[in-house]
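Enquirer: This is the structure, below, for whatever I ask next.
The values are calculated or read from the model by the stated rules, or taken from the named source; none is laboratory data. Please read all numbers here as calculations on a predicted model, not as lab measurements. Here the Cβ positions follow ideal geometry from the backbone for every residue, glycine too, while neighbour counts run over all protein chains shown. Just so you know, the surface numbers come from the protein's heavy atoms only, side chains and all, with ligands and any DNA or RNA stripped out. Shrake-Rupley method; radii C 1.70, N 1.55, O 1.52, S 1.80 Å.
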Amino acid sequence: MKLNRILYFGYYLKQLDREKFSRFLNYVHHETGKSRMALLKEITSSVFLYNISLLEYFQFGFYGDNKSERKNWAGTGFMYEYQRLMNPPSSRRILDDKREFYKAYQEFFVHKTLTLDAAEANPELLDEFLHHAIGKLVLKDATGKCGSGVAVVSNRDFDRQSLLSHMHRHRFDLIEEFLVQHPALQELAPTAVNTVRIFTQVNARNEVELLGCRLRIAVDGPVDNMAAGNMAAPIEESTGIINGAAVFSDITRQSCETHPVTGVRIWGFQIPFWQEILTLVERAALKHPQNRSIGWDVVVTENGPGLIEGNHDWCKLVWQLPVNQGLKSILIKHQQELTKR
């Protein structure tokens, strides 16, 4: 355990966004009056005591006075261990590689997809994408994370051969039909497809439990990922209504009850097709139950919901920050139940 946390600390240092860390440190220094040296000492001890990353000290609000709450937050180290148990490396490839995911979960999609290999073997398959009336298509890296490795391009700029060449040159493995989201979501945040993130857990009795529901909301960019500066809001599981303000993972930004660009009210927003969304993710969670704990990204169109992705390493920030609460005890319960079997 002690050795693991030393290794994790080294990993956190290697991966650290130093500009963001410095900005958060200065912000908290000015907000609390604590010296930077005292904060650095407390951050380091928190990493080892609570199994969190350096940035999570800030994002989880550990610089506040309520120290008794710190143990309740699920940080990067804990989540790595939990998700490795629930989604073993031997079975998670169907979630890690989008090409495998599309094959395994095709029945839950509402948009067309095509792999680079299939397009090269049968170039005529590209025509449906190149002639799509929307005028756009989406190119993806099969292993991209957090909105990286995604490009939206005009299909009018390509023919079959130039599109294939472009994909090779920029290392894209997949083509997707450009999705048009439900009009209500388009009115809320029109610059990107805003996805519903639902966290499911197949418990020790092989039943699906919902760990939480969130709406990821784009501010003014082409993706909705929180890591790209966007927001996430909590959704009431029984109704599909957003029941709190949207929050950022950037601690210097205030939460929003209305969208900062469109002015549309977020708190109280009704997610369309809510019951259909719940049915979809519960069915998907049991499709390959060897992966027990998944964060599903669901698109909502005018004709209903469909899957975009399933994440075995789902984001603890999107899960916990919108409810401003550490939820680790929920996972510990599932961890204990599974290891007792």
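Enquirer: Would you pull out the residues with amide H under 5 Å of D313's amide H, same chain only if 5 or more places away, H placed 1.01 Å from N?
Expert: Hits under the 5 Å cutoff: none.
Enquirer: Now, a different point. Taking R0 as 41 Å, what's the FRET efficiency between E81 and Q161 from their Cβ-Cβ distance, rounded to 0.05?
Expert: That gives a FRET efficiency of 0.30.
Enquirer: Given charges of +1 on the Cβ of Lys and Arg and -1 on the Cβ of Asp and Glu, with all other atoms neutral, how large is the dipole of the chain about its Cα centre, in debye to the nearest 20?
Expert: Using Cβ point charges on Lys, Arg, Asp and Glu, the chain gives about 1620 debye.
Enquirer: Using the alpha-carbon centroid of each, what span in Å lies between the stretch 101-146 and the stretch 317-341?
Expert: When both Cα centres are located, 35 Å separates them.
Enquirer: What distance in nm separates the simple spin-label points at T262 and K34, each placed 7 Å from Cα in the Cβ direction?
Expert: Label-label distance for T262 and K34, simple model: 3.8 nm.
Enquirer: Per residue, how much accessible area does the chain show when a 1.4 Å probe rolls over the protein heavy atoms, in square angstrom?
Expert: On a per-residue basis, 47 Å².
Enquirer: Mind listing P(r) for the stretch 121-252? All alpha-carbon pairs, 5 Å bins, whole percents.
Expert: That works out to 2, 9, 15, 17, 16, 14, 12, 8, 6, 2, 0, in percent per bin.
Enquirer: Work out from phi, with θ = phi - 60° and the Karplus expression 6.51 cos²θ - 1.76 cosθ + 1.60, the ³J(HN,Hα) of each residue of the stretch 110-121, listed in order in whole Hz, and give x for Gly and Pro.
Expert: Coupling constants for the stretch 110-121: 10, 10, 8, 9, 8, 7, 4, 4, 5, 5, 6, 6 Hz.
Enquirer: Something else about it: Within the stretch 73-99, name every residue whose backbone N is under 11 Å away from a label modeled 7 Å from Cα of T339 along the Cβ vector.
Expert: 82, 85
Enquirer: Let me have the relative contact order for the stretch 103-166, percent, based on Cα pairs under 8 Å that are six or more residues apart.
Expert: 31
Enquirer: Find the eigenvalues of the gyration tensor of the Cα atoms of the stretch 299-340, then list the square roots of 5 times those eigenvalues as equivalent ellipsoid semi-axes, largest first, in whole angstrom.
Expert: Here the semi-axes work out to 27, 16, 9 Å.
Enquirer: Here is a further query. How would you classify the stretch 16-66 from its alpha-carbon gyration tensor, with a ≥ b ≥ c the square roots of the eigenvalues: rounded for a/c under 1.5, else prolate if a/b is greater than b/c, otherwise oblate?
Expert: It comes out oblate by the Cα gyration axes.
Enquirer: Non-local amide H neighbours of G144 (under 5 Å, H modeled in plane, Pro and chain starts lacking H): which ones?
Expert: none
Enquirer: Given 0.36 nm per residue, what is the gain on full extension from K103 to K41 after removing their alpha carbon distance, in nm?
Expert: Contour length minus Cα-Cα distance gives 17.5 nm.
Enquirer: When DSSP beta bridges are limited to those with both residues in the chain, what percentage is antiparallel, rounded to the nearest 5?
Expert: 100
Enquirer: Can you give me the long-range amide H partners of E236? Hydrogens built in the peptide plane at 1.01 Å from N, cutoff under 5 Å, separation of 5 or more residues or another chain.
Expert: Long-range HN contacts for E236: I241, I242, N243.
Enquirer: On to the next question. Highest GNM mean-square fluctuation, the chain, Cα pairs closer than 10 Å: which of T113, T258, T239?
Expert: The residue with the greatest mean-square fluctuation here is T239.
Enquirer: Express the carbon and sulfur contribution to the solvent-accessible surface of the stretch 283-336 as a percent, rounded to the nearest whole number, probe 1.4 angstrom.
Expert: 44
Enquirer: Under a crude label model (7 Å from the Cα following the beta-carbon direction), how far is R93 from E187 in nanometres?
Expert: 4.6
Enquirer: Multiplying the sequence separation of H132 and K20 by 0.36 nm and subtracting their Cα-Cα distance, what value in nm do you get?
Expert: Contour length minus the Cα-Cα distance gives 36.3 nm.
Enquirer: Across 5 Å bins from 0, what is the distribution of all Cα-Cα pair distances for the stretch 51-136, in whole percents?
Expert: That works out to 3, 11, 13, 12, 11, 9, 8, 10, 10, 7, 3, 2, 0, in percent per bin.
Enquirer: A further question on this structure: Mind giving me the FRET efficiency for K145 and N324? R0 is 25 Å, r the Cβ-Cβ distance, nearest 0.05 is fine.
Expert: 0.50
Enquirer: If V261, V318 are ordered by their accessible area, calculated over protein heavy atoms with a 1.4 Å probe, which sequence runs from highest to lowest?
Expert: V261, V318
Enquirer: Next up: Tell me, what % of the accessible area of the stretch 1-115 is carbon and sulfur with a 1.4 angstrom probe?
Expert: 55
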